[in-house]
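Trainee: I'd like to ask some things about the structure below.
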Amino acid sequence: MDTVNILLVDDDEDDFILTKDILRENGGRQNYNLTWCNNFSEAINAMLKSHYDIYLVDYRLGRDSGMDLLNEAIKSNCTEPIIMLTGKGDFMIDEEAMRLGAADYLVKDTLDGQVLERSIRYAIAQNRVLQRLKTSENKFRIIFERSKDPMLITNAAGKIIEANPSATKFFETTLTELLKMNAAGLYKHKEERLAYITAMNAEGSVSDLEVEMLTISGKSKFCSISSFVQLSQKADEELFYSIIHDLTYRLNQERDSSLGDTFAVTELMAKRFSNEIRNPLSNVNLAIDELSNSLLDEDNLNLVDIIKSNCAKINSVTTELIKSTEPLSLKLTQVDLSELLSRLLEDAERGLDLRIENPLKGTSLLIWADNDSLISAFKNILKNSAEAITEEKKAVSISIEKRITELKIDIRDNGTGIHPRNVNRIFEPFFTTKAKAAGLGLTHAKRILNAHHGKVQVSSQPGNGTIISIILPTFG
C-alpha cells in the first residue's frame with residue numbers, strides 16, 4: 001500500500017497533533033505521512049517543488065491568509081490537490097476557495113477521520129483524472145497549433161470557437177476576424193454545407209467530404225473536410241472538431257497532367273497531318289494563281305481573293321499548330337524579371353492601360369530563363385487579357401511577390417471574367433471563345449512556362465475580371 005504524503009499548513013501546532021490523531025483513526029485503510037509547516041514561504045516552496053501528494057491549508061495563517069496561499073499556488077501551476085480548512089462553516093469563504101481551485105473545503109470543528117480520509121481520497125483520485133485530461137488537452141493543443149492542416153472548432157450552429165494558425169493562413173485572414181464568422185459562410189455552395197450538417201447530425205462524424213470553400217477575399221479552394229462531434233469541457237454543448245485538407249494543389253497537378261496528355265496528342269496530330277494539309281494547300285494556291293491570270297471578270301477575281309485569303313489563314317493556323325508542338329530549345333541566361341516586365345510595359349498594346357505594381361522595385365529579381373521565349377509567353381497572356389476586356393478603358397495590372405524560392409506574378413484584368421466551366425480549359429489547344437482566334441496563344445505560353453519549371457494558375461469570377469498567376473522558380 002503506497003503512502004500518501006500530506007503537508008498541513010497551519011500556524012497552530014495543536015491542530016497538527018489533532019489532525020495526526022484523526023488520520024490515525026483510519027490508518028487501516030491507507031498509510032498517511034503527515035508533515036507540518038506554519039508559514040507561507042515554506043509552504044509555497046514545497047508546493048512549487050511538488051514535495052507532497054496533497055496539501056491541507058488552514059484559512060488563517062497568522063498575518064497571511066490561506067486563501068492567498070491557495071491563489072498563489074494555483075497561479076504557479078501547483079498540480080497537487082489543496083483542501084481548505086476553516087474554523088467555522090462560512091459559505092462565502094467556502095465558495096471563494098472552490099472558485100480559486102481548491103479540491104475541497106472542510107470545517108475543522110466537525111472534522112473526523114472518516115470525513116477527512118474520504119475527502120483526501122476523492123481529491124487525489126479527482127486530481128489524477130484532471131491531470132490526465134490536462135495532459136491530453138496539452139497534447140491536443142500542440143497538435144492543433146502546429147498542424148499544417150487548417151483546423152476549426154465550431155458549435156452545432158456553425159459559430160467558430162477556435163481556429164489554428166494554418167486555418168487563418170488558409171482563409172487569408174486573422175484569428176480575430178475568423179472568430180466573428182459562421183462556418184457556413186466559408187462554403188461556396190450551400191448544398192455542400194447542408195450535406196455536411198446532415199451527415200454530422202446523422203452519424204456524428206464526416207470523413208473526407210469534398211467541398212469547395214472560400215477565403216475571405218473570395219478565392220475558391222477545393223478541399224476535403226473530416227469532422228467529429230465532442231462534448232464541450234462543461235458538457236453543455238456539442239462541438240464540431242474539423243480538419244481541412246487542401247486539395248487545390250492536387251487538382252492542379254491532375255489538370256496539368258491531363259493537359260500534358262492533351263499536348264502530347266496534339267503534337268502527334270500536328271506531325272501526322274502537317275504534310276497532308278500543307279502539300280494540298282500549296283497545290284491549291286498554285287492553281288488559284290494560274291486561274292486568276294485567265295480571269296477578267298472582277299466578280300470572279302474577288303472570289304479568287306476570298307479563296308486565297310482563307311488558304312492563307314489555313315496555312316497560318318497550321319504553322320502555329322506546328323510551332324506550338326515543336327520541342328522547345330531554351331537558351332537559359334540570368335534574366336532580371338523587373339527589366340523584362342519594364343520592356344513589356346514599353347511594348348504594351350496601344351489603348352491598354354498596363355500598370356506594374358512592383359514593391360520590390362530596385363531589387364534584383366534574377367531567374368534563369370530564355371528571355372525571348374519568356375517575353376513571348378507574357379505577351380500571349382497579356383494579349384488574351386486585353387482581348388477579354390469589352391469596356392472602353394482597358395486596364396491590366398501586373399504585381400510581383402517574392403517568395404523564398406520563387407517569384408509569383410499576378411496578371412489582373414478588369415474584364416467580364418471567365419465562365420466557371422471554361423476556367424480549366426483556357427490552356428487547351430484550339431479552345432477559344434473568340435470568333436477570330438486559333439486558340440493556341442495560351443497553349444504556347446503554358447508550354448514555355450512549363451519548360452521553365454514554372455506553374456500557371458487561373459482565378460476568375462464572372463463580372464469581376466480574371467487573375468492569371470505565374471510562378472517561376474529562382475535559383476540563387
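The values are calculated or read from the model by the stated rules, or taken from the named source; none is laboratory data. Here the structure is a predicted model, which is why all the values come from computation and not from measurement. Virtual Cβ from ideal backbone geometry, glycine too; neighbours counted across all protein chains shown.
Trainee: Counting just the residues of region 114-132 that are crowded, with 16+ Cβ neighbours inside 10 Å and not aliphatic (A, V, I, L, M), which one comes out modelled with the highest pLDDT?
Mentor: By that ranking, first place goes to Ser119.
Trainee: Among Ile375, Ile404, Ile398, which is buried (at least 21 other Cβ atoms within 10 Å of the Cβ), modelled with pLDDT of 75 or more, within 30 Å of Lys331 (Cα to Cα) and out of contact with any Cys (no Cβ under 8 Å at 6 or more places or on another chain)?
Mentor: Within the list Ile375, Ile404, Ile398, the selection yields Ile398.
Trainee: Sticking with this one: Could you check Ala163 against (1) touching a strand residue (DSSP E or B) at 6+ places or on another chain (Cβ under 6 Å); (2) surrounded by 15 or more Cβ atoms within 10 Å (Cβ to Cβ); (3) closer than 28 Å to Pro462 by Cα and say which number it fails?
Mentor: Failing condition for Ala163: (3).
Trainee: Search region 120-138 for residues that are closer than 20 Å to Ile83 by Cα and pair each with any residue that is of a type in the set (S, T, N, Q) and modelled with pLDDT of 85 or more when their beta-carbon atoms are under 8 Å apart and the residues are at least 6 apart or on different chains.
Mentor: So the pair list comes out as Asn127/Thr79; Gln131/Thr79.
Trainee: Right, something else. Is there a residue being surrounded by 13 or more Cβ atoms within 10 Å (Cβ to Cβ) and more than 25 Å from Ala125 (Cβ to Cβ) anywhere in region 78-91?
Mentor: Yes, the conditions are met somewhere in region 78-91.
Trainee: Tell me whether region 445-452 contains one or more residues that are modelled with pLDDT under 85, in contact with a helix residue (DSSP H, G or I) (Cβ under 9 Å, 6 or more places away or on another chain), farther than 23 Å from Leu332 by Cα and outside the structural domain of Phe222 (by TED's automatic domain parsing).
Mentor: No, that holds for no residue.
Trainee: Let me ask you something else. On the basis of being in the same structural domain as Ile426 (by TED's automatic domain parsing), in contact with a Gly (Cβ under 8 Å, 6 or more places away or on another chain), at pLDDT 65 or above and hydroxyl-bearing (Ser, Thr, Tyr), does Ser385 make the cut?
Mentor: Against the criterion (in the same structural domain as Ile426 (by TED's automatic domain parsing), in contact with a Gly (Cβ under 8 Å, 6 or more places away or on another chain), at pLDDT 65 or above and hydroxyl-bearing (Ser, Thr, Tyr)), Ser385 qualifies.
Trainee: Of the residues that make up region 160-175, is at least one charged (D, E, K, R) and over 20 Å from His245 (Cβ atoms)?
Mentor: Checked against the condition, which is being charged (D, E, K, R) and over 20 Å from His245 (Cβ atoms), region 160-175 yields no hits at all.
Results for (1) of a type in the set (Lys, Arg); (2) at pLDDT below 75, shown as yes or no for each residue.
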| residue | (1), (2) |
| --- | --- |
| Glu276 | no, yes |
| Asn310 | no, no |
| Ser316 | no, yes |
| Ser342 | no, no |
| Arg350 | yes, yes |
| Ala369 | no, no |
